[in-house]
Amino acid sequence: MPFLRRVLLILVVVIFAIILLDFFEIEVGGMVATLGIGSLAIALAAQAALSDTISGFVIMMDRPYRIGDRIEVQDLSTWGDVVDIGLRSTRIRTLDNRMVIIPNSVMSKSLIVNHSFPDTQYRIQIHIGIAYGSDIEQARQIIVDAVRQVEGVLPNRPVEALFLEFGDSAITFRVRWWLESYIDTRRMFDRVNTAIYNSLNKAGIVIPFPQRVITYKKDPAKDPGSVEVFPKKE
């Protein structure tokens, strides 16, 4: 709508100027030809601005994002809320309340992730490790129950704790859940991590830190009383 208002305003001004000149019986044919030649010269001198304008038209027609959407421009490592889509540039307000103004020609060539389309619901995930020897199904149920009780987790969406891999020091789970909006992502990490840690700690399930086991072996053929690390580096 802001774009349409600007186009209509320009058309109204041009039509009004032509009618006004015609009212005073001023010949406009020569002026139109002169404007055409001048427009060509201006277009050649302002290729960058023209490229931004054409890209602005494409963005407004294709609508990869709209005003109010939260987007991430991966090529520029920038993300925030779209506050304006103009003829030459797109304005994005970041979470730290800074306005980023990006030319539309850059936006049209960049990889854009729209976190508000097709809807605002968003799935996030974390990885957590539990000690070897733990009851896997018990740990899985404790994790799922802990996440479901966190405020903001969508109750009608699945919460999953998937046995991902055998880690060096722990059994790794991938925990996934849904929330209403991408805006709450950082707060949700804090709430979910706290809830999982407290629940596992209460159940006595250890979240191990990285550790290594070193085996020592005696070699009676060399020295019955000696002890050395095996295997021995050359």
Practice item. Give, in nm to one decimal, the length gained when the segment between LEU21 and ALA203 is fully stretched (0.36 nm per residue of separation minus the Cα-Cα distance). Key: 56.9 nm
Review point. Given +1 on the Cβ of Lys and Arg, -1 on the Cβ of Asp and Glu, and no further charges, what dipole in debye does segment 103-199 carry about its Cα centre, rounded to the nearest 20?
Key: 340 debye
Revision key, fill the gap. Taking 53-60, 154-161 and ranking on average Cβ neighbours within 10 Å, highest first, one gets 53-60, 154-161
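Scale the Cα Rg of segment 60-180 by the rule-of-thumb value 2.2 N^0.38 Å and send over the ratio, two decimals.
On the way: Rg = 19.7 Å, N = 121, 2.2 N^0.38 = 13.6 Å.
The reported ratio for this selection is 1.45.
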Study note, to complete from the structure: For VAL58 and ASN156, extending 7 Å from Cα along the Cα-Cβ vector and measuring point to point gives, in nm, a value of 3.8 nm
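Only the coordinates and a few stated rules stand behind these numbers; no lab work does. Here the structure is a predicted model, which means the values were calculated and not measured. Quick reminder, even Gly has a Cβ in these numbers, built from the backbone with ideal geometry, and neighbours come from all protein chains shown.
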